[in-house]
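Novice: Structure provided below as structure tokens; questions to follow.
A short reminder: the numbers here are calculations on the coordinates, not readings from a lab. Predicted, not measured: the structure shown is a model, and the values here were computed from it. As a convention, Cβ positions derive from the backbone with ideal geometry for all residues, glycine included, and neighbour counts pool all protein chains shown.
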Amino acid sequence: MTNDIHPAKTNGHGDYERQDIGVRAVYYFLGGLAVALVLAYFVVNGFYHSLEKRAQADQTPVSPLVANAPVDTRRLPSEYKTDSEGADYEKYLQKNFPEPQLETNERTELNKIRQREEETLSTYDYVDQNAGTIRIPIDRAMDLLAQRGLPTRTQPSDLIAVSSTQGKAKEANKK
């Protein structure tokens with residue numbers, strides 16, 4: 001039995017245990033992992049390639065009305081390069097797909113609707129030109145409402161009081 005708090009290392013190295021794991025084993029593991037990842041990539045890529053071939057073989061024509069149906073409808077042909085507004089995509093759909101086309105681009109259509117609503121809410125325009133009814137922007141309507149105040153109706157009790165005072169005034173004028 002020894003009273004040393006720190007027993008001396010018997011292998012002569014004072015920093016760590018060298019017998020547990022070697023650096024060479026870590027490198028072999030990392031190399032094997034890299035090889036396994038590359039192999040898995042090629043296996044999965046080949047699997048998806050075979051699924052793609054099978055899906056193309058089983059794919060039905062887009063429509064019997066389309067004479068020149070493209071092979072893959074998920075990708076645009078090179079002559080229709082998509083611009084920022086999607087106009088080329090819309091031209092492609094109009095040329096290659098029969099009517100009715102319900103939604104060609106949901107996001108663009110929704111943006112057009114929102115832009116039209118914003119324009120309606122923030123511009124001046126006639127609602128009915130013959131009747132002289134116009135539409136004004138919301139900000140201007142709020143300013144006018146703040147200046148003029150809300151329209152009010154007279155209460156029935158106020159009508160009675162007003163009519164009685166008017167009746168008394170008429171009687172005084174008659175005399």
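Novice: Suppose we keep just the alpha-carbon trace of the range 87-150; what are its Rg and Dmax in angstrom?
Specialist: Computed over the Cα atoms of the range 87-150, radius of gyration and Dmax are 19.0, 58 Å.
Novice: Still on this structure, please answer the following. What number comes out for the charge environment of residue 137, summing +1 per Lys or Arg and -1 per Asp or Glu over other residues with Cβ under 11 Å away? Numbers along the way, then the final one.
Specialist: Working: positive: 135, 140; negative: 118, 119, 125, 139, 143.
Taking every other residue near residue 137 into account, the sum is -3.
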